[in-house]
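To start, the structure under review is shown below, and the notes come after it.
Please treat every number below as a calculation from the coordinates, not as lab data. Note that the structure is predicted; figures quoted are calculated from it, not measured. Glycine also receives a Cβ, built like all others from the backbone with ideal geometry; neighbour counts cover every protein chain displayed.
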Amino acid sequence: MTAPASMFIDGRWVPSSSGNTRDIHCPADGSFVATVSEGTSADAEAAIAAARRAFDDGPWRAVPTSQRGDLLLAVAREIRARKAEFARAETLDTGKRLVESEIDMEDIANCFDYFGKLAGQDAGRIVDAGDPNVVSRIVYEPIGVCGLIGPWNYPLLQVAWKVAPALAAGNTFVLKPSELSPHTAMLLMDVLHSLDLPAGVGNLVLGAGAEVGAPLSGHPDVDLVSFTGGLETGKVIAASAAGTVKKVALELGGKNPNIIFADADFDAALDNALNGAFVHSGQVCSAGARLIVEESIRDRFVDELVRRAKKIRLGGPFDTDAETGPLISAAHRDKVHKYVQDGIAEGAVLRCGGAFGAGDLESGYYYEPTVLDNARSGMSIVVEEAFGPVVTVESFTTEDEAVAIGNDTRYGLAGGVWTQDAGKGQRVAGRLRHGTIWINDFHPYLPQAEWGGFGLSGVGRELGPTGLAEYQEAKHIYQNLTPAVTGWFPEH
Ligand code: NAD
């Protein structure tokens, strides 16, 4: 059998230089999805060289920003036109419900639309130099070659947040999606190719992080590395990038508080607590994994949460009765289970879940929605990101205590506040040290609003104007209209 040509380097689909392949299986039932190329570091280096040439010698960075914007708008149209194909590919790789993948594809198209429109508005800035004979202006230039590394939970969405601004700014890129979920990245490259993106501007490499991902952070010809994934990988990438002083953007994990005050709309808070914790089986960086409930409503709230969590229907991606799906792999499910068991050993009370999916679900990697009550600061399940369908419950009696518990984490990605007191909502939002705060909601994000974390949740921001600025260098051009002798070093 000839090796599949699933990587896109210098304008062509190519196989791994080693001929190695990887089989992708659907986490919902272990069924075979496809065989793809398993790249090597030499493939990554070839892709970096192509991106370097395309940046240094090619026409791309001189293409007017409005034309680059038009390309991104066309990408958005193509993704919408091929939504069924994209969504199915995402679902087969991740096991997530088809309906969720369809929502993701719409979000992805919206992201390309946003950066497509933003690109054309970028005209730089005139600065008042305080001298009428000086013209001083700031221009925003592309950084160069960008290494873009993505995770498996929202495979195309997370890389769209990188690819769209990278192209809008005039960069070239080498994309490495998670080895577990390569297919939508391949479809994206197909779209870019069909829209005549010049050769070498966009490149795709596939394979294990330590092999094909590592050169993207360590190579001197890469100018920026943008990574979304786990904390430990993020630290390795940051350390590796330091050797060549490249720009680094990190979108890491979260341990996100969801604070419920007694005066909240009870039903809305409960519904959103379920959604916050269990959507996509908790494999969401901003999952509301720490429920922090005011003592006076705690018992009622947690009893209802447990009753509802027990009813959540697990199932495969095409089961229209299913409400959430499997975890990405057996290894990940085992890791989540270990966190739950450690939490119980440390004194948390298991109210529901804590077990693998049974019966028909045994061929996939399902884990039951799990509520751990009586959680306390310092427990590993409260400190570390489990990245599964597990929510811990803590309680408070005062606003100050709620804020203190909400900030009792070294992560700082997102958090929710539920109250019908508008002033209290704003006060608490202002004091929480997290990159996104929802008041009376959980999970929505906007392409025009910055996304990113405080503390261990990362460095930099994606989306919004800052998400474009991450991919730009600001250059100051200072022109003296009346050149004159300064006299600083006079002629003696
Ligand atoms: P991961 O860190 O295991 O892998 C992420 C990517 O890094 C993969 O493509 C992997 O192959 C690659 N990689 C691994 N080692 C590498 C190395 N040495 N050099 C370069 N690349 C390497 O993360 P994951 O399990 O795929 O994703 C889950 C994590 O992502 C969770 O922690 C989650 O919170 C985080 N996440 C964060 C956000 C956010 O916006 N902050 C969004 C989604 C996911």
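Numbers for the structure displayed
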read-out	value
Sparse-neighbour loop sites [chymotrypsin sites (Phe, Trp or Tyr not before Pro); the range 286-394; at most 14 other C-beta within 10 Å; DSSP]	Phe318
Proximal lysines relative to Lys235, as straight alpha-carbon distance under 29 Å, when same-chain residues fewer than 8 apart are discounted	Lys96, Lys162, Lys176, Lys246, Lys247, Lys255, Lys335, Lys338
Percent of C-alpha pairs per 5 Å bin, the range 30-182, short to long	2, 9, 14, 17, 17, 15, 11, 6, 4, 2, 2, 1, 0, 0, 0
The chain, dipole about Cα centre (Lys/Arg Cβ +1, Asp/Glu Cβ -1), debye to the nearest 20	460
Dipole-positive endmost among Leu250, Thr436, Gly144 within the chain (Cβ charges, Cα centre)	Gly144
At most 12 other Cβ within 10 Å, DSSP loop - trypsin sites (Lys or Arg not before Pro), the range 411-492	none
The range 322-397 - Rg over Rh from alpha carbon coordinates, Kirkwood radius	0.99
Farthest toward positive dipole pole in the range 341-492 [+1 Lys/Arg, -1 Asp/Glu at C-beta], among Ala474, Gly487, Thr398	Gly487
Pairwise Cα inverse-distance average, inverted: Kirkwood Rh of the range 395-480 (Å)	14.7
The chain: C-alpha gyration tensor shape, a/c 1.5 cut-off, then a/b vs b/c	oblate
FRET E, pair Asp334, Arg125, Förster distance 60 Å, beta-carbon r, rounded to 0.05	0.70
